[in-house]
Amino acid sequence: MGRFSIAIRFAALAIVWGASFLFIKVGLTGLSPAQVALSRVCLGALALIAIAAWRRKPLPRDPALWGHLAVLSVLLCVIPFLLFSWAEQYISSGLASIFNATTPLITMLIAAAALPSERFTKARTTGLLLGFLGVLTIVGVWQGIDVSHELTAQLACLGATTCYGISFVYVRRFISWRNLDAPTIALGQVCCGAVVMLALAPFIATSPVRLDTPIVLSMIALGALGTGLAYAWNASIIAAWGASNASAVTYLTPVVGVLLGVLVLDEPLAWNQPVGALLVVLGILAAHGRLSPRKKTAEPVAA
C-alpha cells in the first residue's frame, strides 16, 4: 500500500474519530444516550462483519479468548459509549473530544500500576503532571467546584477514558500474546459489545425515538465508520507506519472535534478548553519522549 494511500487513511481516521462526538450530539436530538450507544455498536458490528466476510479469514475458536473479548467489549465499547453519550447531554461535543484525548495519559498511569515493565520514568512523570494540569485547566478549577450536571458529565468522560486505559492494559496481559490481527480483535470486541447492548436494550433503551435524516446519517457514520471501518484503517496505518507514528492521530482528533462543534453546532468555546487540550497533548508528547531531541522512543500511544 502506497504512502499516499496511508496518509489519506490517516487523515480520514482523524476526521472520523474527531467527528464522532459531533455525531453523538446530533444523535441525542432524537435518541436517548443508551439508544445512541446501541446504534453505534450494532452498526459498527455489522460493518466489521462485512469486512471479515470480505477478508475471508476464519474467526478464532478458543472459548477463553472469546471470554476475554467479551470483557474487552464492556471496557472498550459498552461503558465508554454509554458514558460519552450521557455526558454530551450536558457538555459540548468539542469538550467531550478534548477529554477523550486524555486516554494515552490515563493508559500510562494504569499501566504503571498494573505492569512491572511500564514503571514511571522522568519523562512519563512529567507528561502525567502536564496532562493533569491540562485537565484542571479544562475543568476551570479556579472558578470553584460546582457539583452540577456539567461537572458530572466531565467526570463521566474521564470515566470513559479510564475504561479505555484499563482495556489497553487488559489487551497487553491477556490478548496481545495470541498474535491476533487488529481487525479480528476489533470484530470480536465490537460484536460482543453489540450482544451486551442488545441484552440491556429492553431495560435502558426504551425511550421514544424520533428519527430524521441528520440523526440517521450521524448514527451510520458513528457506527459503520467510527466504530467499524476506522478500526480497519487504524490497523493498516499501524502496519505501515508503526504504532508510535500511527498514534499521532490522538493529537488531531480533539482539534477536529472542537472545530466541528464550533463550526457545525455553533458551540461556545471557552479559552481554557483549547489551552487545557494543548497541555494534555504536550503531556502525551513529553511522556513519550517526543519533546526531547536527544531521545527517540518507539513506545505506542493509545489512540
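Any idea which residue in the stretch 120-144 is farthest from N272 (Cα to Cα), counting only those that are open to solvent by 90 Å² or more (accessible area, probe 1.4 Å) and part of a helix (DSSP H, G or I)? The qualifying residue farthest from N272 (Cα to Cα) is K122.
In summary, helices (runs of 4 or more DSSP H) completely within the stretch 1-91 and bearing 1 or more residues that are under 17 Å from N234 (Cβ atoms) and open to solvent by 50 Å² or more (accessible area, probe 1.4 Å) occur at 3-27, 33-55. Screening the stretch 152-170 for residues that are among the hydrophobic types (A, V, I, L, M, F, W, C) and open to solvent by 30 Å² or more (accessible area, probe 1.4 Å) and picking the one that is nearest to S236 (Cα to Cα) gives F168. Restricting the stretch 236-250 to residues that are closer than 15 Å to G289 by Cα and not in a helix (DSSP H, G or I) leaves a set whose member that is modelled with the lowest pLDDT is S247. Consider A232 carefully, then state whether it is among the small types (G, A, S), modelled with pLDDT of 85 or more and surrounded by 15 or more Cβ atoms within 10 Å (Cβ to Cβ). Against the criterion (among the small types (G, A, S), modelled with pLDDT of 85 or more and surrounded by 15 or more Cβ atoms within 10 Å (Cβ to Cβ)), A232 does not qualify.
Among the residues of the stretch 96-119, those that are hydrophobic (A, V, I, L, M, F, W, C), in a helix (DSSP H, G or I), out of contact with any Leu (no Cβ under 8 Å at 6 or more places or on another chain) and open to solvent by less than 20 Å² (accessible area, probe 1.4 Å) comprise A96, I98, A111. For the stretch 275-298, the candidate set comprises residues that are over 15 Å from G131 (Cβ atoms) and open to solvent by 60 Å² or more (accessible area, probe 1.4 Å); within that set, the residue that is modelled with the highest pLDDT is P293.
Can you tell me how many residues in the stretch 1-31 are basic (K, R) and at pLDDT below 90?
Filtering the stretch 1-31 down to residues basic (K, R) leaves 3, 9, 25.
Within this subset, residues satisfying the condition of being at pLDDT below 90 are 3, 9.
Total satisfying the criteria: 2.
The criterion of being open to solvent by 20 Å² or more (accessible area, probe 1.4 Å) and in contact with a Pro (Cβ under 7 Å, 6 or more places away or on another chain) does not hold for Y251.
The values are calculated or read from the model by the stated rules, or taken from the named source; none is laboratory data. Only a predicted model underlies this, so the values are computations on that prediction, with no experimental measurement involved. For neighbour counting, all protein chains shown are included, and Cβ atoms are generated from backbone atoms with ideal geometry for every residue, glycine included. Note: accessible area is taken over every heavy atom of the protein model, side chains too, but ligands, DNA and RNA are not part of it. Shrake-Rupley method; radii C 1.70, N 1.55, O 1.52, S 1.80 Å.
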